[in-house]
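Taking it in order: structure first as C-alpha cells, then the write-up.
Please treat every number below as a calculation from the coordinates, not as lab data. Computed from a prediction, not measured in an experiment: that's the story for all the values here. Methodologically, a virtual Cβ is constructed for each residue, glycine included, from the backbone with ideal geometry; neighbour enumeration extends over all protein chains shown.
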Amino acid sequence: MKRPSVFFLLLLSIGIVLGITSAFLLNLLMSSHDSSEASGVSSSLENGESPSTTEHEQSSSLDAQGDFDSHVQGLKEVLAMFHVEDSLDLKAAVFSYVAKVPQNSLGAMLDLLTDKSLSLSSRTRYELQRALLEKLAISHPREAVGYAVENDASQPLAAVSAVASTSLALRFALPPSMPTQTSLVAAVFNVWATSDLDEAVSVAHDLDERSRTLALEGILKSQVGVSLEELRTIAVDLGNEQYAIDAYLDSFNTEYLEDPRIAWTEVSPLASTRSLPHEWVLKNVALQWYDREGVSIVDEIQASEVSSSVKSETTRVVLWRAVEDAPEEAFRLALKIPIDMRLGMPYVHDVVSAWANVDPQAAYKALDEIDDPFLLDILPRAVVSTWAWNDPHYVLDNLADFPPELHADATASAFGSISLQAPLEAAERALKVSNPNARSEALSQVLYVWMQLDLEAAVSWVESVETTDRQRFQLLETLTSWLVSDDPLRAFELARNEKALGWNDTGLEAEIIDNIAWSDGVEAAVELLDRVREGRTRAVATANVAEIMINNGDTARALTLGLDLPPSEQEVFFPSVARTWAEVDVGSLLESIEKIPTTEVRSKTALKLFEKWRVDNYTIAPVDSLSESQVELLKQQLTDADRATIDQQ
C-alpha cells in the first residue's frame, strides 16, 4: 500500500539539503579550531543597543587584501558555474566554496554581498549570505547576529504564505516545490543555539520585536528532539508561545514516523487547518497512518476529540488516498459519515469525484445504491462533471445515455475541457447543442476559457459567427459579463456596438453600466451615460446608476440625473427608481415627485409605490410602510385613471 508521493519526495529533497548542511557545519566545527585568531573589534548590533562582543569573540575583518581578492575570484567562478539557482547543485557549490573561506575573510565577504552593484540574483545572494553567516556564527555569533539583523529586512522570509485558504473548494495544499527561505537572523540563531542555548536566548531578548521573533524561530529549530513543554518555556521567555507549537509540529514532518497512530494523538489537538505548515503535518501523519492500517482509520479520526475542521480535512485526505486502493470501500465508508454542510460538501461527494477520475463508469454505477434525495441530486452531477472534463468527446457523443437533468453539467464541463486545447472547436460545437439551458452553460464556459487564452480571437468569433440575432446577443452578453471586471471600457464599447436589444427592449450597455457603477463607482458610470444610446436603454442605464446614488444617500444627484433626461425617458426612469427611493428616504421621494415636470410621469411614479409584489408567502407594497399622511400625498399625484386602478385593488 506504500507509495512515493510528491510530499515525500519533497521531504527527501529537504533531507538531502540538510545532509549537505550538516556535513558543512561539521567541517566548520573541525576547521574553526585550526584557524588563526583574527584581530580587530567585533561589529555591534543594530543601533548600538545590543550586547557587545565578548572577550572570547574576535573580529573576522579582512586581514590580507590578497587573500580577499582570491576569494572574490572564487565567488565569481561559483556564480559562473550555475544558472539554475534554485537547484541543490547551487546550494552544494556555495557550501563547498564557503568552507574554503578563512575566518578572517568572512566579514569582508559579507560586506561585499551588500554591494548592490554586484550582479547577483536575490536567491544566490541569500544562499551566500546564509552560508557565510552560519560559518561566522560558530566562532563569532554576535558579529553574525549584527550583520543578520542589519541585512535581513530585504530578505523574502518565505516562498509561500503561511496562511491556508479558507475556501471550501481548496483542501489541503501541496507542500511548496522547494523548502521555504529561512531568514538570516533565524539561520544564525539556529547555529548559535545548537552550541550555547542560554547565551543565544539572552542575546535574543535584547533584539527588536521582529528580529526577536525570527531569532526564536531559529532557536526552536535547533532544539531537535526536545519536548513540547521545553519548547514552550523557551518560546514564552521570548514572547511567542505559538512558535513552540509550530516547531513541535514540524518535528513530525519526517518521511518515516515510528508510530503514526501515536503521532496523530500528539499533533491533532495542536494543529490548525488555517495554517499551511500545520496542514502538511496533519497530511503527513494521516497518510502514513493510512499506509500502515488502511481506510479503517477514518472511524478513529471521526471519533477523535479534535476540532471539526481538523477532523473533516484529514478524513477527506485519507478518503482521497483510499480511492486509489479501494474505491468501493472508501465509498461505502464515506456514505456512513453524517452530512454536515458547515464543513463543506459530504465526504462521499469528494470520494465519487476522485473515483470518477480513475474509473468514471464504476463510480457512476455505484450511485445505484443511493436513495437519499440530496445525494441523488449532487453525486451524479459530480461524477458526470468529472467524467466529462477528463473524457469530453465520449460524454458529448453519448449524452443521450445520461438523464436530461445532467446534460447542462456534462456539456459545460466537457466544453470547458475542450476549450483549453481547441477553443474554436469547442465554441462551434457548443452552438449546436439542442437544449437551450445546456447550450447557454456550454457557451459561457467556452467563452470564459477562450478569453483567458486569446481575447481578440474570442471577440472576433462572437462578432462574426453565423447565427441568429438572438443567439449573437446572448453570446455578446456572456462575453461582456466576463470582460467587464477586467476591461470595463472595452466591455462597454462591445455592448454599445450591438444593435440588437435584449430583455424589455433594452440595449446591452445598460447592464454593463450597472456593473461598472457597482464595481468601479458611480463616477466611472456617469462618464459613460452620454454615450449610451437614446431611448429606453439610456433611461434604464441612468436609473441603474441613480439607484446606487440613492442607496448611498445622494438623492439630490439622483433627481438631477432624472430631470436631465427628455420626458419620454423620464417615463421609464422615475418609476424604475421609486421603490428603492421609498425604502431609503420616502420624505425625499415625496418632495422630488413634485418636481417632475409632467403630470403623467408624476402619476406613474406614485402608482409604482402602490403595486404589490410577493415576498415569501406575503404580498406587500411600499405604501404599506408609509403613514396615512404620506399615502394621501402620493394619491394627490395620481391621475383619475391611475386612482381608479388603485381603487380596484
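Structural remarks
- Remark: for residue pairs LYS91/LYS311; LYS91/LYS116; LYS100/LYS221, the C-alpha separation exceeds 30 Å in LYS91/LYS311.
- The equivalent ellipsoid that matches the C-alpha gyration tensor of region 501-649 spans semi-axes of 26, 16, 16 angstrom, in descending order.
- For peptides 203-211, 283-291, sequence by mean Cβ density within 10 Å, most packed first: 283-291, 203-211
- Descending semi-axes in whole angstrom, ellipsoid equivalent of region 555-611, from the Cα gyration tensor: 15, 13, 9
- Between amide H atoms placed 1.01 Å from N, distances below 5 Å from SER275 occur with ALA164, all of them 5 or more places distant or on a separate chain.
- Fraction of alpha-carbon pairs over 24 Å apart in region 399-550 - percent: 37 percent
- Fewest-first sequence of ARG490, ARG321 by Cβ atoms within 10 Å of each Cβ: ARG490, ARG321
- Computed over the alpha carbons of region 179-251, Rg followed by Dmax gives 10.7, 29 Å.
- Computed from phi, the 3J(HN,Hα) profile of region 271-277 under the Karplus parametrisation 6.51, -1.76, 1.60 (θ = phi - 60°) reads 7, 10, 7, 9, 10, 4, x Hz, with x in place of Gly and Pro.
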